[in-house]
Every structure is written in C-alpha cells, then in structure tokens.
Amino acid sequence: MERQGIECLVIALTIGHRKAIQLGLKPLGYRDFLALWGDRSEKVLALGRSLSAGNTHPDVDEHETACYLGTNFQEWLDELGEVQARERYAKQGRHAFLPIRFMGKILDTLKPGVVVATSTPRSEEACIRAAVERSIPTLTMVDLFAPPSDPFLRRPVQADCITVISQEVKTQFVASGIPSDKVVVTGSPDFDELFEQEAVEAGVQFRQKHGWSNQRVVLWAGILEPEDASLPGAMLGIDVEKRLRSWVRSRADVSLAVRYHPGQYHQFPVQQPERNVHVSDAGSEPIAALLNACDVVIHQVSTVGLQAALLGKRVLHLEFSRWVQNVDFDLSSFGVSEGIPALDDLVPTLDSPMPTSAGKKMSVPAGPSAGRVAAQVAALLKDKRTPR
C-alpha cells in the first residue's frame, strides 16, 4: 500500500513490536500515546509498573509493558472505580482488557482513513470498535478458522470487511450470522512468506547448518495448555519434548526442532543441549525457514499446523491436549492433520508411513494474499464515509 502512495501507520503491540522492527517498519506502541493522558501520564505509568510482576516478556520493553498495563487498568478505574477494577483484575487479569475509549483517543489523534487489524482480542478488537463508533471504515484479517465456539463470532461489533483464508471459513462465518457481503475470501497474508524463495532457501540453509540435509526433521510447535490446579500449562509441552528427545537419541536418521509459541516460550524450561536437537528462538528465528526445513510438524491447535499443511508437510495434532479436546474445530476436519490419541502413540505414529487417504481439502486461493487484502483496504478508503 505504501508503494501505491498510501501512508501506513503501524501500531505493533507487545511481542509484535520487535517483529515489526525486524521487518523494517517503524511501529508505534502504547508508549507513543502515553501523553494522551495529559497530567495523569506519570500516574498511569506508575500504575503500570505496579502491575508488571508476572506480566513481563523478554521480547517486550519494560517501559512499553508499563504503558500497556497502566493505560488499560486506568480505563477500568475511570469506568468502574477502584474496588470493582481491582476485583476484575484479580479474577481475569490483563486478558479482560478492552481499551475502547483509549483507542478512540488514538484514532481522534491520528485521524486514519481506514483501520486494519487482525482478529486478536483486547487492543485490536477495541480499535475496531472505536473506529466503528466514529464511522471510520474498518477491516479485520482472520488468519485461521474461528470455529463456532470462537468468541470472535459473537463480538457485538464487527468490521465493515472481514478477510478469511478460504471459502469454507466464509461459509462458517455466514452461518454464524455475519452478513455474506462483509466476508471476503482472500487467503491470509500471514502465509505469503512461506512460499517466497528466501524462505525456501533459508530452509535448505538451516538443514545444512545443522548437518541435517539427509535427516527427517520433526518440528514440535507447542503452546501452553489451559491451566488448572493439578497440571501446569507447560507440562504437556515438556512431556512431548522429552518423548521426542528420547526418540531422536535412539535414531541416527531423525532430528528435532523445538519451537514454543512466541508469547510463551520463556515459560517452558530449557532442556540440556543434545545432538540433533535444535531449540528455536521464537523471538528471532523466522518460522517460515523452520517450516520449509522440516518434514513433520506436531502441534496442538495453532496456525503453524495450517502453515505446514499448506507447504505439504505431514501434520500431527495431539488429541490428548485439552486445547484440542475443548475446541469444536481442528485441521483434521479438512483432512490436513492426523490425530495422535495419546502420548504413547506419538513415536509409533512418527515411525509409521503417512496415510495415503487425502481427505477433504480447503479451497485456499492460490498465490500471495497480501495484494488481495490491500485491494479491499483500498476499496474502503475510496468509499470511506464522512466521520461524525
């Protein structure tokens, strides 16, 4: 869009900020809008610092973390008062943040012609809702499926345009009550980089660097499980990783790459270095290179599984994961992922050939998707309404 002469302001939040800088962008963050609190700015910053314990991340600057927490919590204080705000935070923490009023202040300052976000909740959802209140055209990119249980489908406010990965996803959205003319099948720009020559070559270089050119490479792409009193969220990931490391030790022809979610990797314990095992730094190592380098991907429920399937990799999902058990949609519905019933079935499945049955496939548009999404944004700009 910038090549077309359109000015693009990027607000990259939390762990997305570092990624945006790596991509050559000049992103804004909560820190850039702290002054919108006026003479309360220092109070908001101090409030955020007081809430930082347990909310830090190695890829997020401490000042940005404080600005984010302070801004969101101050909005609760203004709306609910001290007692109710503290009670809500004690019960739900930052996961309940929805700073619609503050995002409205940002939009009033920037005066954008269109607002584009992903389907991520909290700040991005709040920005879409604030934009709709101001009659600013909006577009939400949905990079995965949003199954019937997904809160996204029950949001009280939806963008003017919602781009989705496939016709099957559009059908689900329309069935959930979203008007058909709002949903456009574009594919997801999130996957465009997978097919770029740079990513393909990076995959080859990764294998060469580790001496894995003739190995079968398995990627374990884990996420934290839902917490409960008896089972820490990282436990399944640790158990799977240990089982895979033991398998690699027993074989001379296989190797393992371990990559936990970029927002969670610091919550998994670091294991001892081993031959033919690589632990990926999710904060700096591009996922596209890893996916091109591997032959098999193991996951619970994640975008990585779909990315691997689009590249033609063998994909396994863990049916014994609480995430998998508590969602009503998974990749196996489209015939692109094999289920592993129990941890003891993991290695036998890896040692068995990939099933020949193709199953049902998704109708994902061919070629890069970013241009198709950009065309929808340009159309919204062209037809933009006069703000109130």
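Of all the residues in the range 117-134, those that are outside any helix (DSSP H, G or I) and over 14 Å from Gln158 (Cβ atoms) number 3.
Please tell me if Ile178 is touching a helix residue (DSSP H, G or I) at 6+ places or on another chain (Cβ under 9 Å), closer than 20 Å to His299 by Cα and of a type in the set (Val, Ile, Thr). Here the answer is no, as Ile178 does not meet what is asked.
Between Gln271, Gln325, which is without any contact (Cβ under 8 Å) to a residue 40 or more places away in the chain, of a type outside the set (Asp, Glu) and under 26 Å from Pro148 (Cα atoms)? Outline the logic, then answer.
Working: Gln271 fails: under 26 Å from Pro148 (Cα atoms).
Of the residues listed, the single one that is without any contact (Cβ under 8 Å) to a residue 40 or more places away in the chain, of a type outside the set (Asp, Glu) and under 26 Å from Pro148 (Cα atoms) is Gln325.
Residue count for the range 180-225, restricted to those that are in a helix (DSSP H, G or I), in contact (Cβ under 8 Å) with a residue 12 or more places away in the chain and of a type outside the set (Asp, Glu): 14. Of all residues in the range 253-271, count the ones that are part of a loop (DSSP other than H, G, I, E, B) and under 17 Å from Met235 (Cα atoms). Total meeting the criteria: 7. Can you tell me which residue in the range 332-384 is farthest from Ile298 (Cα to Cα), limited to those that are modelled with pLDDT under 80 and crowded, with 16+ Cβ neighbours inside 10 Å? That would be Val364. Of the residues making up the range 62-94, those that are touching a Pro at 6+ places or on another chain (Cβ under 8 Å) and loosely packed, with under 13 Cβ neighbours inside 10 Å number 0. The sole residue among Trp76, Trp37 that is modelled with pLDDT of 95 or more, among the aromatic types (Phe, Trp, Tyr), more than 25 Å from Gly263 (Cβ to Cβ) and in a helix (DSSP H, G or I) is Trp37. Answer yes if at least one residue in the range 145-166 is outside any loop (DSSP other than H, G, I, E, B), of a type in the set (Ser, Thr, Tyr), modelled with pLDDT of 95 or more and within 23 Å of Thr71 (Cβ to Cβ), and no otherwise. Checked against the condition, which is being outside any loop (DSSP other than H, G, I, E, B), of a type in the set (Ser, Thr, Tyr), modelled with pLDDT of 95 or more and within 23 Å of Thr71 (Cβ to Cβ), the range 145-166 yields no hits at all. Considering the range 201-244, the residues that are surrounded by 16 or more Cβ atoms within 10 Å (Cβ to Cβ) and over 25 Å from His317 (Cβ atoms) include one that is nearest to the chain's Cα centre (by Cα), namely Ala202. Among the residues of the range 1-44, those identified as within 22 Å of Pro112 (Cα to Cα) and polar (S, T, N, Q) are Gln4, Thr14. Scan the range 301-314 and give yes if some residue there is modelled with pLDDT of 95 or more and either out of contact with any His (no Cβ under 8 Å at 6 or more places or on another chain) or not in a loop (DSSP other than H, G, I, E, B) (or both), otherwise no. No: the range 301-314 contains no residue that is modelled with pLDDT of 95 or more and either out of contact with any His (no Cβ under 8 Å at 6 or more places or on another chain) or not in a loop (DSSP other than H, G, I, E, B) (or both). Only one entry of Thr56, Thr118 meets the criterion of being under 30 Å from Ala378 (Cβ atoms), at pLDDT below 95, touching a helix residue (DSSP H, G or I) at 6+ places or on another chain (Cβ under 7 Å) and β-branched (Val, Ile, Thr), and that entry is Thr118.
Could you check the range 20-33 and list, in sequence order, the residues that are touching a residue at least 24 places away in the same chain (Cβ under 8 Å) and either closer than 22 Å to Phe102 by Cβ or crowded, with 16+ Cβ neighbours inside 10 Å (or both)?
Here is the first cut: in the range 20-33, the residues touching a residue at least 24 places away in the same chain (Cβ under 8 Å) are 22, 29-31, 33.
Those that are touching a residue at least 24 places away in the same chain (Cβ under 8 Å) and either closer than 22 Å to Phe102 by Cβ or crowded, with 16+ Cβ neighbours inside 10 Å (or both): Gly29, Tyr30, Arg31, Phe33.
Restricting attention to the range 288-313 and to residues that are out of contact with any helix residue (DSSP H, G or I) (no Cβ under 8 Å at 6 or more places or on another chain) and touching a residue at least 24 places away in the same chain (Cβ under 8 Å), the residue that is surrounded by the most Cβ atoms within 10 Å (Cβ to Cβ) turns out to be Ser302.
The values are calculated or read from the model by the stated rules, or taken from the named source; none is laboratory data. What you see is a predicted model, and the numbers here were worked out from it, not measured in a lab. Here the Cβ is made from the backbone with ideal geometry for all residues, glycine too, and neighbour counts use every protein chain on show.
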